[in-house]
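Participant: Structure below; questions to follow.
The values are calculated or read from the model by the stated rules, or taken from the named source; none is laboratory data. Note that the structure is predicted; figures quoted are calculated from it, not measured. A quick note on method: Cβ atoms are made from the backbone with ideal geometry, for glycine too, and the neighbour counts reach across all protein chains shown. SASA here: full protein model, heavy atoms, side chains in, ligands and nucleic acids out. Shrake-Rupley method; radii C 1.70, N 1.55, O 1.52, S 1.80 Å.
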Amino acid sequence: MEARTISINGVIQRNTLLRIPYFQRRYVWGEEDWKRFAIDMESTLDSDRCYFLGAIILKEEPVTMSDRRNGIAKRQLVIDGQQRLTTLSIFMKVLHMMVGKNDDFANQYLQADDVKSPVIIHSCEDTPQFSSIMHLDTPNELQGESNIVQAYNYFRAYLEARRNAGVCLNDLLNTVNACVTFVAISLTRDDDEQQIFDTINSLGVPLTTGELMKNFLYEANDEDAYRNTWRLMFDTDDARNFWESDAASSRQSKSKDNTTIERFFHAFVRIKMWDFKDLLTEVQRKNFVKTENIFTTCKAFVEVFGMSKQELATEILEYADLFKTHLNEEILDTRIPQHAGIKRIACLINATGNYAVIPYILYILRSVDSEAERNQIFGFLETYLVRRILVKSTNNNYSDLFSENLIGQRINTCQALKAYVESKGSEKSLAMPTDSAVDFKLKFSRMDETTARIILYLYETKLTRTSDGVFNGGFNTYYAEQFMPRPCTAANENWPVLQDPDEEKYRQQAINTLGNYFLLHICNEKGLKKYHNVGFDRKLELFKKWCRDIRSGQILDSLHGWDESAIANRNRVLATGFCDRIWPLD
């Protein structure tokens, strides 16, 4: 390993290729990074010192005969520094165009081959955008959402504004070329570039579990295998849009740990660890499933328990395909079927954010070949999950139920699942809620709009066949609204407070129960809010309009008034329907 200080011209030059390996992340710098970089570059105009842009780590690669014919004398792998080198290249491209020195830029940043390819060879996902920018003739604004295009547009606007403010861009170009330096660390052929890359990145912005797994599973010489498998599942633009999205539930915090890919790997570990349950202590089991240990756990499947990397990669990809195919949150925009199955469960999971059940769902999808058996299992699970929502069961040991208890004991038939749940009758945290519990809780339990909406939506889809040609929308096209509004000054004119304090207390309790909610076919809930406190006649008119083709709202056709007694009666009707027809225990 050798380190030396070099200028821009010592790093980026026409006869040297700088290849960014596939195991590195894509270009991820954003506006704050670009702003700091541009200000730092401009600061060179007023400084008599060199500006240090940081260390870059390079590893020499063999030069081919084809390279030599194109004037390439050296090939180097960029182990660390690709974000800075990419940003510098884009900044310098804009600067050269604005001062009319495109030829100077081409003589340093582009190869001498027939197509004038950039000397920095990006990973496949960033290549098209980076190459197109390197070949621009004029600094026009570009369309595109990639970070590379956005970086170009940012520097274009920044430098245009600085020129208008009197900054001499030609002087800036010259000083940046003269003053900016790097420390270039050159690796020998015996150094493990991938291990070095992982170590460096563990000290900076954390890699996602997916990125860490890719680097662990695929060696530097496994690029073809990566491109044909892992890349297609996780690293294309479309794949990243899916895996890097936040949790669907607004009640979940927005963080890296709630991205789809982190939830997937957390579920995968909760499935896979039970293949080695006899080798794990209780402490190890608890540590294995901690969010911060997911990558370490996946590595342990290879390094401790003897799986090959290929076996682990194959299994991850199989489960990822099941997850992406069946648990995609797009199900919330699709009318789910009347019959029990994975689509109803997927809708329930994504609407409620109940991700604890995902490991068991994936386990059943992979281990049970019979679709009929799977549908029976999912039907029973729907009954179990909905009844728990209705009675607001506590979640103690809930994650363990769908991992250790069910997967760990290889429960993969509906009969075995029912028997297991029935055996938990004395454990309130895991027991199947009874009919009497559902009836009681519906009378008195407070329910928010989101919960009311998913319960009524699942109920309605059970009542209505898709072939009926009505009620065709997905979960996201409906909204649950209370008929009688909550007490407030705005509501007092149309829904006056009762004189008897006990009667008013009872009314307020009834208002927040499920029986006071109706499912409405309306896309703009904000537009609905202005009608929240209107009187009975106007509310009835609006609800009839927005409840068309919704069977659970048919009582509106014969309604002549609405009070706490009507709400209590509807709760009884819903409880009977839920327990006898929709989610029965038998």
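Participant: Report the residue count in region 260-307 for those that are part of a loop (DSSP other than H, G, I, E, B) and either open to solvent by 50 Å² or more (accessible area, probe 1.4 Å) or over 29 Å from Thr325 (Cα atoms) (or both).
Facilitator: Number satisfying all stated conditions: 6.
Participant: Can you list residue pairs whose Cβ atoms sit under 8 Å apart, with the first residue in region 536-549 being within 20 Å of Glu564 (Cβ to Cβ) and the second being hydrophobic (A, V, I, L, M, F, W, C) and part of a helix (DSSP H, G or I)? Count only pairs 6 or more apart in sequence or on different chains.
Facilitator: Filtered contacts from region 536-549: Leu540/Leu556; Phe543/Leu556.
Participant: Turning to a different aspect of this structure: Got at least one residue in region 351-364 being within 23 Å of Leu463 (Cα to Cα) and either touching a helix residue (DSSP H, G or I) at 6+ places or on another chain (Cβ under 9 Å) or among the β-branched types (Val, Ile, Thr) (or both)?
Facilitator: Yes, some residue in region 351-364 is within 23 Å of Leu463 (Cα to Cα) and either touching a helix residue (DSSP H, G or I) at 6+ places or on another chain (Cβ under 9 Å) or among the β-branched types (Val, Ile, Thr) (or both).
Participant: Which one of Gln194, Gln108 is at pLDDT 85 or above, touching a helix residue (DSSP H, G or I) at 6+ places or on another chain (Cβ under 8 Å), over 23 Å from Asp33 (Cα atoms) and not in a loop (DSSP other than H, G, I, E, B)?
Facilitator: Answer to the selection: Gln108.
Participant: Further question on the same structure: State which residue is nearest to Leu348 (Cα to Cα) when the search covers only region 240-270 and only residues that are modelled with pLDDT of 90 or more and of a type in the set (A, V, I, L, M).
Facilitator: So the residue we want is Ala267.
Participant: Considering only region 20-52, state which residues are modelled with pLDDT under 90, within 24 Å of Leu187 (Cα to Cα) and hydrophobic (A, V, I, L, M, F, W, C).
Facilitator: Ile20, Phe23
Participant: Moving to a separate point now. Working carefully through the options Phe91, Phe52, find the one that is of a type in the set (Phe, Trp, Tyr), open to solvent by less than 40 Å² (accessible area, probe 1.4 Å) and within 21 Å of Gln108 (Cα to Cα).
Facilitator: Phe91
Participant: In addition: Looking at region 345-370, I want the residues that are at positive phi and have a partner that is among the hydroxyl-bearing types (Ser, Thr, Tyr) and open to solvent by less than 10 Å² (accessible area, probe 1.4 Å) with Cβ atoms under 6 Å, at least 6 apart or on another chain. Which pairs are those?
Facilitator: Gly353/Ser249
Participant: Ok, one more. Going through Asp468, Asp439, Asp448 one at a time, which residue ends up being acidic (Asp, Glu) and farther than 26 Å from Ile511 by Cα?
Facilitator: After ruling out the rest, the residue left standing is Asp468.
Participant: Give region 55-88 a look and list any residue that's surrounded by fewer than 18 Cβ atoms within 10 Å (Cβ to Cβ) and more than 41 Å from the chain's Cα centre (by Cα), or say none.
Facilitator: Thr64, Met65, Ser66, Arg68, Arg69, Asn70, Gly71, Ala73
Each row is one residue, and each column tells you yes or no for (1) open to solvent by less than 20 Å² (accessible area, probe 1.4 Å); (2) of a type in the set (A, V, I, L, M, F, W, C); (3) at pLDDT 95 or above; (4) not in a helix (DSSP H, G or I).
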| residue | (1), (2), (3), (4) |
| --- | --- |
| Ile361 | yes, yes, yes, no |
| Ala372 | no, yes, yes, no |
| Gln376 | no, no, yes, no |
| Phe380 | no, yes, yes, no |
| Val386 | yes, yes, yes, no |
| Leu401 | yes, yes, no, no |
| Glu404 | no, no, no, no |
| Gln409 | no, no, no, yes |
| Gln415 | no, no, yes, no |
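Participant: Of the residues that make up region 499-511, is at least one more than 19 Å from Thr451 (Cβ to Cβ) and assigned to a loop (DSSP other than H, G, I, E, B)?
Facilitator: yes
Participant: Could you grab me the full set of residues in region 308-337 that are open to solvent by 60 Å² or more (accessible area, probe 1.4 Å) and polar (S, T, N, Q)?
Facilitator: Result: Gln310, Thr314, Thr325, Thr334.
Participant: Let me ask something else. Please enumerate the residues belonging to region 442-480 that are among the aliphatic types (A, V, I, L, M), assigned to a helix (DSSP H, G or I) and open to solvent by less than 10 Å² (accessible area, probe 1.4 Å).
Facilitator: Result: Leu442, Ala452, Ile454, Ile455, Leu456, Leu458.
Participant: Do we have any residue at all in region 31-49 that's in contact with a strand residue (DSSP E or B) (Cβ under 6 Å, 6 or more places away or on another chain) and more than 23 Å from Thr16 (Cα to Cα)?
Facilitator: Checked against the condition, which is being in contact with a strand residue (DSSP E or B) (Cβ under 6 Å, 6 or more places away or on another chain) and more than 23 Å from Thr16 (Cα to Cα), region 31-49 yields at least one hit.
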